[in-house]
Amino acid sequence: MTSEASMPSGSHREIHEDPEDSAGSGTLVLRSWREPDGRLRVRLLSASGAEAPASVLVTDSPDSVLHAVEGWLKEQAGEDSSDARRAAGA
């Protein structure tokens with residue numbers, strides 16, 4: 001797996017991961033759509049690690065999506081996981 005320790009905060013690049021190295025990995029999938037009345041809806045499906053159960057959050061609030069994504073990323077980084085799980089709707 002490629003090390004990102006030297007990358008500046010906020011930068012990004014393509015990374016090729018080894019599928020065998022799944023320890024500490026997670027998945028977050030977002031799907032958005034508009035309801036017939038025009039409201040935005042977003043479904044977040046998240047899982048941390050291969051054995052963890054998936055969590056689903058459906059919302060119409062962009063702020064709650066951002067909060068859930070931030071919480072999930074913090075959990076992946078090892079930061080206060082109890083707050084992250086609440087933010088992700090778990």
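Between amide H atoms placed 1.01 Å from N, distances below 5 Å from Gly26 occur with Gly49, all of them 5 or more places distant or on a separate chain. With R₀ set to 25 Å, the beta-carbon distance separating Asp60 from Thr27 gives a calculated FRET efficiency near 0.65.
Every read-out reported here was derived from the displayed coordinates using simple, explicitly stated rules and does not represent laboratory data. None of these values were measured; they are calculated from a predicted model. Using ideal geometry, Cβ is built from the backbone for each residue, glycine included, and neighbour counts are taken over all protein chains shown.
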